[in-house]
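Chemist: I'd like to ask you about the structure that follows.
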Amino acid sequence: MKSKISIVAFLALLSFKALTAQNAPQYEKASIDELINAMTPEEKAKLLVGPGMPGYAGLVPLEGEPDVRVLGEAGGNDQIPRLGIPETVFADGPAGLRIEPKRQNDPNTYYATAFPVGTALASTWNTDLIESVGEAMGEEVKEYGVDVLLAPALNIHRNPLNGRNFEYYSEDPLVAGKIASAYIKGIQSHDVGTSIKHFAANNQETNRLAVNAHISERAMREIYLRGFEIAIKESKPWTVMTAYNKLNGTYASASNDLLTTILRDEWGYEGLVMTDWFGGYPGFESILEEGSVSDVVAQINAGNDLLMPGTEAQREALAKAIEEGTVNEEAVNASLRRILEYIRKSPTTDNYKFSNKPDLEAHAEVTRKVAAEGMILLKNEDNVLPFTDKSGSIAVFGDHSYSFIAGGTGSGDVNEAYSISLLQGLDNAGYTVDEELQNLYEPFVAQAVENENKRREEIGLLADNKRLPEMLPEDKLVEAKAKSADVAVITLGRNSGEQFDRKIDDDFYLGQDEVKLINTVTKAFHAEGKKVIVILNIGGVIETASWKDKVDAILLAWQPGQEGGNSVADVFSGEVNPSGKLTMTFPIDYNHHASAANWLGEPVQKPTDVYYKEGIYIGYRYFNTFDVKSSYEFGYGSSYTTFEYSDLKLSTSNFEDEVEVSVKVTNTGEVAGKEIVQLYVSAPANLVDKPTQELKAFGKTKTLKPGKSETLKFTLSPKDLASFVDDQSAWIAEKGTYTLKIGASSLDIKLKDEFEVSSNITAEKVNNTFDLDTEMPVLKN
Ligand code: BGC
């Protein structure tokens with residue numbers, strides 16, 4: 001009897017379902033409003049909260065769990081079968097598509113191209129080139145069946161120790177914004193999406209899920225938001241990913257000021273906003289705790305449309321809030337609309353037949369080229385580089401010469417098919433490396449790498465990075481090599497990634513073993529009148545001042561992607577003339593950064609609160625204004641040739657609504673090369689204090705043959721000249737005299753001119769946002 005009733009009930013349920021499915025509007029034909037109106041609270045919550053992480057980092061779905069389209073994806077929106085709404089796929093990340101190369105029961109491989117890390121890309125200062133990198137990445141995204149690439153990442157390098165700086169671009173928001181914008185345009189040209197992240201001020205990994213960043217509105221607007229503003233307005237990314245941290249007491253993912261007032265009302269952004277993974281949860285423990293939720297109501301009310309990757313508890317909480325009317329109905333509908341608008345334009349909706357065969361060969365060429373262009377020649381005494389003599393041998397020292405680092409770890413990693421080591425690169429270019437050293441190093445490094453991999457595997461997802469201990473060859477051996485080899489190369493390497501910030505000792509500063517290696521090699525080689533070249537295979541800034549005088553040349557190669565060894569060899573041999581420049585300051589001493597005093601926050605053990613007391617004085621804005629010497633200044637980078645700057649022309653000396661600037665650059669050296677030209681402005685500072693100068697535009701010449709010139713042009717608008725004046729809630733270009741400086745770096749100013757602004761210009765009136773939730777002194781000039 002019992003079972004009879006339940007069969008009847010079951011049949012009734014089936015026919016009810018069939019009926020509702022029949023009557024329900026269907027995604028393909030219905031309007032977005034019809035779909036939203038037809039949704040139950042549970043369905044709404046299902047669309048607003050992602051389905052979890054099937055397939056994440058290669059986790060194969062368990063039995064009974066749905067298949068994933070792309071193994072290694074980071075997530076996506078969930079499907080609503082009753083209405084025919086499809087799921088779409090998001091995957092990381094900034095240096096290329098992060099998916100799993102292998103799939104279950106499938107002999108094929110799905111490698112993606114590992115491009116140079118973000119900092120290396122930005123060091124090119126070449127927006128056209130970055131757009132072409134974006135185009136290559138976008139093709140991989142589309143051909144592997146992904147709808148949105150979770151990149152670019154463009155948080156400001158507030159401090160050199162941030163463990164994720166390698167994913168980011170610069171200490172300067174203009175550089176960050178312009179590079180991000182080119183990258184987005186390239187990717188989206190394939191009609192796939194990007195997710196600009198992490199919005200905003202996600203500047204440390206320590207307690208990243210919950211740290212409360214106390215930041216003045218001016219520092220937010222001029223430094224931490226400005227890059228996003230430039231990129232979002234210029235390139236319209238399909239999606240924005242909110243940061244984990246709190247801003248003045250409110251989670252970024254629940255900040256109405258950030259997501260509605262600024263992003264949507266002021267900047268006119270129309271796309272989709274998603275959280276970072278588990279954004280709004282205060283810590284790992286709480287994610288794992290059954291039933292625990294972020295403040296889903298606050299997140300949706302603030303304009304954070306999609307909660308990623310999504311938990312069942314969040315869905316239940318949101319469905320309940322929708323049913324009971326405790327979440328703003330308009331906000332819910334607006335978010336649903338934005339999600340549906342996004343799905344509508346995705347390749348998934350187009351039924352795009354992805355090939356799983358992107359043009360990896362062509363992209364290898366792209367990454368080789370951009371990596372070489374992002375390399376920075378920091379030092380080149382007696383023109384030791386390019387090193388063109390291939391007749392003798394090169395003595396190659398340093399573990400990382402034998403284990404070259406293509407990119408960082410965490411979601412910024414890529415599963416590439418191969419990675420060209422420095423040795424392979426030199427070999428491909430026709431150089432001979434010293435065999436005895438190679439035979440000693442290779443087993444040592446293989447063991448060190450194995451130990452490190454084992455340590456990381458044992459810890460699992462939460463593993464930090466440790467550098468390899470340097471092998472220290474005997475003095476006698478080094479002396480013998482100084483006799484037999486033509487030149488020495490030492491590679492110093494660093495790696496970092498999510499969840500951990502870098503350390504001061506033995507990370508920012510060199511370790512004792514590294515110092516010893518440099519000392520031994522330089523002593524022996526210099527005694528023989530031979531040179532020592534250092535290659536920096538790093539993702540972020542290290543200390544250089546204490547040892548740079550000991551060596552003859554320093555090539556900052558960054559983490560240059562899978563063709564790294566070839567890219568280094570291209571610069572080493574002179575095939576490519578280096579033209580990268582620093583997008584951040586290399587300080588003499590870590591503590592010289594104004595942010596060092598306020599880094600990570602309090603209490604020290606697990607900082608809950610970080611105070612950005614340095615205000616807008618980040619990087620060169622601080623060093624130049626407060627006259628602090630650096631080891632290598634912002635904008636610095638040398639070349640195998642020389643350039644002359646001339647013919648600076650301004651369209652007006654009385655600025656009304658714009659000024660056009662032109663400047664001629666001539667290659668005065670012996671070899672072809674490109675030059676990055678930087679335009680700085682020193683503005684009158686009566687209403688508010690200002691840095692002595694700020695970067696307002698930049699450009700890069702094409703390859704100029706010796707004797708050839710190019711004229712670069714720039715246009716400055718009132719907003720470019722303006723500072724944010726807090727007590728007027730406005731961007732104001734003050735009246736007075738402006739000095740326009742054309743520099744080869746932030747300190748190497750080649751030409752100057754002046755123009756006047758006759759009365760204060762309000763470039764933009766905005767809302768009053770980001771009230772500080774605590775008293776905090778902010779550094780002023
Ligand atoms: C990172 C994001 C990434 C996401 C998905 C988070 O831990 O902060 O940058 O896109 O994971 O993998």
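Chemist: Of all residues being among the polar types (S, T, N, Q) and in contact with an Asp or Glu (Cβ under 7 Å, 6 or more places away or on another chain) in the stretch 108-141, which is farthest from the ligand (Cβ to nearest atom)? Just the residue, please.
Modeler: Let us first name the residues in the stretch 108-141 that are among the polar types (S, T, N, Q), namely 108-109, 113, 119, 123-124, 126-127, 132.
From what is left, the residues that are in contact with an Asp or Glu (Cβ under 7 Å, 6 or more places away or on another chain) are 113, 124, 126.
Details: Thr113: 18, Thr124: 23, Asn126: 25 Å.
Across the stretch 108-141, the extreme among qualifying residues is Asn126.
Chemist: What is the one condition in (1) surrounded by 13 or more Cβ atoms within 10 Å (Cβ to Cβ); (2) assigned to a strand (DSSP E or B) that Thr715 does not satisfy?
Modeler: Only one criterion in (1) surrounded by 13 or more Cβ atoms within 10 Å (Cβ to Cβ); (2) assigned to a strand (DSSP E or B) is unmet by Thr715, namely (1).
Chemist: How do the helices (runs of 4 or more DSSP H) wholly within the stretch 388-477 filter down when requiring 3 or more residues that are at pLDDT 95 or above and surrounded by fewer than 14 Cβ atoms within 10 Å (Cβ to Cβ): which remain? It would help to see each step written out before you state the result.
Modeler: Values: elements: 399-402, 422-428, 435-459.
Correct list: 435-459.
Chemist: Among the residues that make up the stretch 49-71, is at least one of them closer than 23 Å to Ala317 by Cα and buried (at least 24 other Cβ atoms within 10 Å of the Cβ)? First the steps, then the outcome.
Modeler: Let us first name the residues in the stretch 49-71 that are closer than 23 Å to Ala317 by Cα, namely 49-54, 65.
Narrowing further to those that are buried (at least 24 other Cβ atoms within 10 Å of the Cβ): 49-50.
The answer is yes; a qualifying residue exists.
Chemist: Tell me yes or no: at least one residue of the stretch 177-187 is in a loop (DSSP other than H, G, I, E, B) and touching a residue at least 24 places away in the same chain (Cβ under 8 Å). Lay out the reasoning, then the answer.
Modeler: Our first condition is that a residue be in a loop (DSSP other than H, G, I, E, B); within the stretch 177-187, this holds for none.
No; the residues of the stretch 177-187 include none that is in a loop (DSSP other than H, G, I, E, B) and touching a residue at least 24 places away in the same chain (Cβ under 8 Å).
Chemist: Out of the residues in the stretch 302-315 that are under 24 Å from Asp257 (Cβ atoms) and part of a loop (DSSP other than H, G, I, E, B), which is farthest from the ligand (Cβ to nearest atom)?
Modeler: The selected residue is Gly303.
Chemist: Oh, and also: Answer yes or no as to whether Met241 is within 16 Å of the chain's Cα centre (by Cα), within 16 Å of the ligand (Cβ to nearest atom) and not small (Gly, Ala, Ser).
Modeler: Values: within 16 Å of the chain's Cα centre (by Cα): yes; within 16 Å of the ligand (Cβ to nearest atom): yes; not small (Gly, Ala, Ser): yes.
Answer is yes for this residue.
Chemist: Also: So which residues in the stretch 596-643 are closer than 19 Å to Phe500 by Cβ and touching a Pro at 6+ places or on another chain (Cβ under 7 Å), if there are any at all?
Modeler: Once the filter is applied, which keeps residues that are closer than 19 Å to Phe500 by Cβ and touching a Pro at 6+ places or on another chain (Cβ under 7 Å), the stretch 596-643 yields Leu600, Gly601.
Chemist: Can you name the residue in the stretch 279-288 that is touching a residue at least 24 places away in the same chain (Cβ under 8 Å) and either over 20 Å from Asn212 (Cα atoms) or open to solvent by less than 60 Å² (accessible area, probe 1.4 Å) (or both) and, of all such residues, is nearest to the ligand (Cβ to nearest atom)?
Modeler: First, the residues of the stretch 279-288 that are touching a residue at least 24 places away in the same chain (Cβ under 8 Å): 279-284, 287.
Then keep just the ones that are either over 20 Å from Asn212 (Cα atoms) or open to solvent by less than 60 Å² (accessible area, probe 1.4 Å) (or both); that gives 279-281, 283, 287.
Working: Gly279: 9, Gly280: 13, Tyr281: 12, Gly283: 13, Ile287: 11 Å.
Ranking the candidates gives Gly279 first.
Chemist: Does the stretch 669-683 include one or more residues that are free of Cβ contacts under 8 Å to residues at least 40 places away in the same chain and either open to solvent by less than 20 Å² (accessible area, probe 1.4 Å) or on the phi > 0 side of the Ramachandran plot (or both)?
Modeler: Here is the first cut: in the stretch 669-683, the ones free of Cβ contacts under 8 Å to residues at least 40 places away in the same chain are 669-670.
So of that shortlist, the ones also either open to solvent by less than 20 Å² (accessible area, probe 1.4 Å) or on the phi > 0 side of the Ramachandran plot (or both) come out as 669.
Yes, the stretch 669-683 contains at least one residue that is free of Cβ contacts under 8 Å to residues at least 40 places away in the same chain and either open to solvent by less than 20 Å² (accessible area, probe 1.4 Å) or on the phi > 0 side of the Ramachandran plot (or both).
Chemist: Pairs please, first residue from the stretch 368-380 and in a loop (DSSP other than H, G, I, E, B), second anywhere and hydroxyl-bearing (Ser, Thr, Tyr), Cβ atoms under 6 Å, 6+ apart in sequence or on different chains.
Modeler: Pairs found: Gly374/Ser123; Gly374/Thr124.
Chemist: Can you name the residue in the stretch 70-107 that is closer than 30 Å to Phe166 by Cβ and more than 16 Å from the ligand (Cβ to nearest atom) and, of all such residues, is farthest from the chain's Cα centre (by Cα)?
Modeler: Of all residues in the stretch 70-107, those closer than 30 Å to Phe166 by Cβ come to 70-77, 88-103.
Still in the running and more than 16 Å from the ligand (Cβ to nearest atom): 101-103.
Details: Pro101: 23, Lys102: 26, Arg103: 28 Å.
Per the stated criteria, the residue is Arg103.
Chemist: Would you pick out the residues in the stretch 701-712 that are in a strand (DSSP E or B) and either of a type in the set (Val, Ile, Thr) or in contact with a helix residue (DSSP H, G or I) (Cβ under 6 Å, 6 or more places away or on another chain) (or both)? Before you say what the answer is, go through the steps one by one.
Modeler: Kept after step one, since they are in a strand (DSSP E or B), are these residues of the stretch 701-712: 704, 709-712.
Correct list: Thr711 only.
Per-residue answers, yes or no, for (1) farther than 30 Å from Met375 by Cα; (2) in contact with a Ser or Thr (Cβ under 9 Å, 6 or more places away or on another chain); (3) modelled with pLDDT of 95 or more:
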| residue | (1), (2), (3) |
| --- | --- |
| Gly72 | yes, no, no |
| Asp78 | yes, no, yes |
| Tyr111 | no, no, yes |
| Val117 | no, no, yes |
| Leu121 | no, no, yes |
| Asp128 | no, no, yes |
| Ala151 | no, yes, yes |
| Glu167 | no, yes, yes |
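Chemist: Which residue pairs have Cβ atoms closer than 7 Å, lie 6 or more positions apart in sequence or on different chains, and pair a first residue in the stretch 206-218 that is open to solvent by 20 Å² or more (accessible area, probe 1.4 Å) with a second residue that is within 14 Å of the ligand (Cβ to nearest atom) and hydrophobic (A, V, I, L, M, F, W, C)?
Modeler: Nothing qualifies.
Chemist: So, one more: Looking only at the stretch 718-735, how many residues end up being in contact with a Ser or Thr (Cβ under 9 Å, 6 or more places away or on another chain), open to solvent by 20 Å² or more (accessible area, probe 1.4 Å) and within 19 Å of Phe655 (Cα to Cα)?
Modeler: 2
This table checks each residue for (1) within 16 Å of the ligand (Cβ to nearest atom); (2) modelled with pLDDT of 95 or more; (3) open to solvent by 80 Å² or more (accessible area, probe 1.4 Å).
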residue	(1), (2), (3)
Arg264	no, yes, no
Gly268	no, yes, no
Trp277	yes, yes, no
Glu290	no, no, yes
Val297	no, yes, no
Ile300	no, yes, no
Ile343	no, yes, no
Pro347	no, yes, no
Ser355	no, yes, no
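Chemist: Out of the stretch 711-754, which residues are of a type in the set (S, T, N, Q) and over 29 Å from the mean Cα position of the chain (by Cα)?
Modeler: Restricting attention to the stretch 711-754, the residues satisfying the condition of being of a type in the set (S, T, N, Q) are 711, 715, 717, 723, 728-729, 737, 739, 745-746.
Correct list: Thr711, Gln728, Ser729, Thr737, Thr739.
Chemist: Yes or no: Asp486 open to solvent by less than 70 Å² (accessible area, probe 1.4 Å) and either more than 16 Å from the ligand (Cβ to nearest atom) or out of contact with any Leu (no Cβ under 8 Å at 6 or more places or on another chain) (or both)? Before the answer, list the steps.
Modeler: Values: open to solvent by less than 70 Å² (accessible area, probe 1.4 Å): yes; either more than 16 Å from the ligand (Cβ to nearest atom) or out of contact with any Leu (no Cβ under 8 Å at 6 or more places or on another chain) (or both): yes.
In short, yes.
Chemist: Within the stretch 142-157, can one find any residue that is among the polar types (S, T, N, Q), more than 16 Å from the ligand (Cβ to nearest atom) and buried (at least 24 other Cβ atoms within 10 Å of the Cβ)?
Modeler: Filtering the stretch 142-157 for residues among the polar types (S, T, N, Q) gives 155.
Keeping just the survivors that are more than 16 Å from the ligand (Cβ to nearest atom) gives none.
Checked against the condition, which is being among the polar types (S, T, N, Q), more than 16 Å from the ligand (Cβ to nearest atom) and buried (at least 24 other Cβ atoms within 10 Å of the Cβ), the stretch 142-157 yields no hits at all.
Chemist: Can you confirm whether Thr769 is of a type outside the set (D, E, K, R) and free of Cβ contacts under 8 Å to residues at least 60 places away in the same chain? Lay out the reasoning, then the answer.
Modeler: Numbers: of a type outside the set (D, E, K, R): yes; free of Cβ contacts under 8 Å to residues at least 60 places away in the same chain: no.
Considered against the rule, which asks whether it is of a type outside the set (D, E, K, R) and free of Cβ contacts under 8 Å to residues at least 60 places away in the same chain, Thr769 comes out as no.
Chemist: Same structure again: Taking the stretch 508-541 on its own, how many of its residues are part of a loop (DSSP other than H, G, I, E, B), touching an Asp or Glu at 6+ places or on another chain (Cβ under 9 Å) and over 30 Å from Glu365 (Cβ atoms)?
Modeler: 5
Chemist: With respect to the numbered conditions (1) touching a residue at least 12 places away in the same chain (Cβ under 8 Å); (2) exposed (fewer than 14 other Cβ atoms within 10 Å of the Cβ); (3) outside any strand (DSSP E or B), which one is the sole condition not fulfilled by Asp647?
Modeler: Among (1) touching a residue at least 12 places away in the same chain (Cβ under 8 Å); (2) exposed (fewer than 14 other Cβ atoms within 10 Å of the Cβ); (3) outside any strand (DSSP E or B), the lone unmet condition for Asp647 is (3).
Chemist: Quick check on Ser335: is it of a type in the set (S, T, N, Q) and in contact with an Asp or Glu (Cβ under 6 Å, 6 or more places away or on another chain)? Before the answer, list the steps.
Modeler: On the way: of a type in the set (S, T, N, Q): yes; in contact with an Asp or Glu (Cβ under 6 Å, 6 or more places away or on another chain): yes.
Considered against the rule, which asks whether it is of a type in the set (S, T, N, Q) and in contact with an Asp or Glu (Cβ under 6 Å, 6 or more places away or on another chain), Ser335 comes out as yes.
The values are calculated or read from the model by the stated rules, or taken from the named source; none is laboratory data. Owing to the predicted nature of the structure, the values given are computational and were not obtained by experimental measurement. Note that each Cβ is placed from the backbone with ideal geometry, even for glycine, and that neighbours are counted across all protein chains shown. The protein model used for the area step is the full one, side chains on, heavy atoms only, and it has no ligands, DNA or RNA in it. Shrake-Rupley method; radii C 1.70, N 1.55, O 1.52, S 1.80 Å.
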